[in-house]
1. How much accessible area per residue does region 75-145 have, in Å², with a 1.4 Å probe?
2. Would you please classify the overall shape of region 122-258 from the alpha carbon gyration tensor, given that a ≥ b ≥ c denote the square roots of the eigenvalues, rounded means a/c under 1.5, and beyond that prolate means a/b larger than b/c while oblate covers the rest?
3. For Gln317 and Glu592, FRET efficiency with R0 = 51 Å and r from the beta-carbon atoms, rounded to 0.05?
4. Let me check something: with ligands and nucleic acids excluded, how do Lys551, Lys224 order by accessible area (1.4 Å probe), largest to smallest?
5. Rank by packing, highest mean first: peptides 133-141, 177-185, with packing defined as the count of other Cβ atoms within 10 Å averaged across residues.
6. Taking a virtual spin label 7 Å from the Cα of Glu116 along the C-beta vector, which residues in region 57-81 bring their backbone nitrogen under 16 Å of it?
7. Rolling a 1.4 angstrom probe over the protein heavy atoms, how many square angstrom per residue are accessible across region 414-501?
8. Taking one equal scatterer on every alpha-carbon of region 372-416, how large is log10 of I(q)/I(0) by Debye at q = 0.14, 0.22, 0.33 1/Å?
Amino acid sequence: MMEIKRYMLMAPTLLAASLGSLAGDGVKVEHLGVNNTLVRVEGDGRYLMMPVQESVDDAKVNLLVDGKLERTFYVRLAKSKIDYSVPLDLEPYKGHNVVLEINANNEYSPLGEVKEQASWNSFTLADSFDTTNSEKFRPAFHHTPLYGWMNDPNGMFYKDGVWHLYYQWNPYGSKWQNMTWGHSSSTDLVNWKHEPTAIEPDGIGTIFSGSCAIDTENSTGFGKDAVVALYTSAAASQMQSLAHSENNGESFIKYPGNPVFTLETEARDPNMYWNPDTKKWTIVLAHALEKEILFLSSPDLKEWTVESAFGKGEGAQDGVWECPDLFPLEINGKKKWVLLVNLNPGGPFGGSATQYFIGDFDGKTFTADTDASGKIPTKWMDFGKDHYATVTWSDAPDGRRTAIGWMSNWQYAADVPTQQYRSANTLPRELSLFTAPDGEIYLASVPSPEVKNLRAKTIMNGRTLNVGKKASSVSLPSANDGLCEVAFDIESKKNANVNITLSNSKNEKVVITYNSTDNTIAFDRREAGISNFSVDFPAVTVSPTFSINGKTSVHLFIDRSSVEMFAKDGKYVMTNLVFPNEPYSSISFSSEGSAKISNLEMYSLKANN
């Protein structure tokens with residue numbers, strides 16, 4: 001384990017105070033022109049802290065160890081101001097000569113101005129750095145990286161009582177770059193332990209999304225029950241690579257024969273499982289720009305055979321297809337297969353989203369179910385704006401199919417009002433199938449049972465409210481910045497709309513509207529709080545409820561910067577970010593006619609971050 005206690009991107013003044021040393025001590029800067037600079041590490045310290053300004057372009061950094069190129073990464077090195085600093089771990093190079101050879105775009109700046117840029121006097125050495133949360137909007141009970149940018153969850157597996165979550169991570173800034181597998185682990189899916197970096201970029205590319213599984217048959221030759229990983233190596237082209245772990249996923253050894261699979265066209269995000277019937281691995285791979293999924297087989301994850309393809313011209317086609325997953329679920333004693341396909345852009349309300357197909361799979365070919373008209377319908381896993389790259393854990397216990405997603409949207413993920421970190425994961429969710437009133441089979445999602453462990457105190461249990469045009473309000477708990485869970489049933493009388501409003505003293509509000517005529521539920525965040533960072537952020541999202549007779553249910557999880565809304569039985573889900581200037585303090589209910597709110601439950605929740 002790294003000796004870092006918790007990471008944090010610190011404001012420059014706080015950083016200098018915490019280091020107890022003058023900026024630049026033990027660091028020598030040599031300018032070789034307007035675009036090229038050497039930064040020599042001449043002192044002692046575990047970390048070289050590198051100053052970042054998010055609004056500038058990336059600088060290319062070549063890490064030289066004893067004069068040899070160790071690796072290359074990119075940092076938005078500060079020019080006019082310092083937003084925060086990020087660490088370069090020097091421990092692996094202790095006792096060696098370390099130099100950063102930096103290439104930055106200063107083409108139209110005189111050398112004198114370049115030498116005065118904010119970064120050059122702000123490289124510092126430190127033995128540790130604090131990671132105490134400094135962000136108002138950092139989620140309290142959702143998984144986040146300790147610092148830096150995060151997008152797709154990937155490589156997830158369960159082994160020996162531990163849930164392993166890997167994710168696309170930039171260790172050198174809070175915008176997308178330097179894709180690396182970050183790693184967290186949990187024994188309960190709600191409390192996460194931050195682990196050392198799992199897989200770092202190499203000579204054939206950065207590390208894009210992939211999957212992990214336990215090789216119970218030793219098919220790969222890495223050892224029985226070894227953890228094997230498939231991932232996309234991304235440089236000028238995208239190729240598929242293999243690695244394995246001998247310490248339960250803490251670190252990985254890359255296969256020397258990488259890449260193990262290549263195509264002439266862009267393909268990424270391999271997801272695999274061992275098929276006991278064929279004695280081979282089944283691999284699903286996103287043929288991204290072709291907007292289809294490839295199905296492949298392999299006896300050892302080294303030699304691959306393309307078996308079939310699915311999806312060209314089907315489903316949502318407005319964006320690239322990526323991050324697939326394939327798994328069976330039972331309904332009425334019958335096995336059906338679910339194919340998750342993440343899409344960007346082209347979601348139902350703009351930007352990124354997760355679509356899915358239900359059908360049959362014979363080990364080689366996926367055949368999607370059709371609707372009454374004979375067409376393959378487009379189905380969405382979540383009807384919010386902020387649910388993407390959803391995949392499931394392999395080898396989960398008790399036959400569970402547990403999923404987690406990236407809680408953001410590519411339309412504005414890099415612009416949300418945070419800097420210490422960017423992006424969180426959704427709550428973990430249990431997946432199942434149900435038959436809707438239209439006769440079709442759909443995917444249901446409910447919070448994993450472990451989420452109940454977040455409850456701190458029961459505020460309300462079983463209350464009933466008769467509501468009309470005059471709103472009936474209930475106070476939300478104030479503990480832990482208003483973190484809470486709220487659940488209730490709705491019965492609309494005479495087909496009247498029912499409004500549920502979350503609000504605070506600044507008149508910021510989320511308005512949820514159940515339309516019992518259309519059997520839909522809408523989430524309006526246009527006045528929810530801060531939204532001026534993106535024209536795409538203010539939005540109303542709408543989901544079918546798959547209900548009848550004017551009845552439905554709502555199950556809300558309110559964090560510092562998100563609201564996840566489920567039907568109690570999981571038949572609809574909606575995930576949306578919100579950035580209120582102060583926590584929502586009340587929930588109110590009203591109806592254009594009359595309605596009944598029953599079984600109203602409310603719990604304050606624990607803060608884990």
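The values are calculated or read from the model by the stated rules, or taken from the named source; none is laboratory data. Note that the structure is a prediction, hence the values are computed from the model and not measured. Reconstructed Cβ throughout: ideal geometry from the backbone, glycine too, with neighbour counts over all protein chains shown. The accessibility values were calculated without ligands, DNA or RNA, using every heavy atom of the protein model including side chains. Shrake-Rupley method; radii C 1.70, N 1.55, O 1.52, S 1.80 Å.
1. Details: 3160 Å² over 71 residues.
I get 45 Å² per residue for region 75-145.
2. Details: a/c = 2.04, a/b = 1.34, b/c = 1.52.
Here region 122-258 falls in the oblate category.
3. Values: r = 38 Å, r/R0 = 0.75.
Working from the Cβ atoms, E equals 0.85.
4. Ranking Lys551, Lys224 by accessible area, largest first, yields Lys224, Lys551.
5. Working: 133-141: 19.3, 177-185: 21.6.
Highest to lowest by the protection proxy: 177-185, 133-141.
6. 79-81
7. Working: 3790 Å² over 88 residues.
With the other protein chains kept in place, region 414-501 gives 43 Å² per residue.
8. The Cα Debye sum returns log10 ratios of -0.55, -0.84, -1.16.
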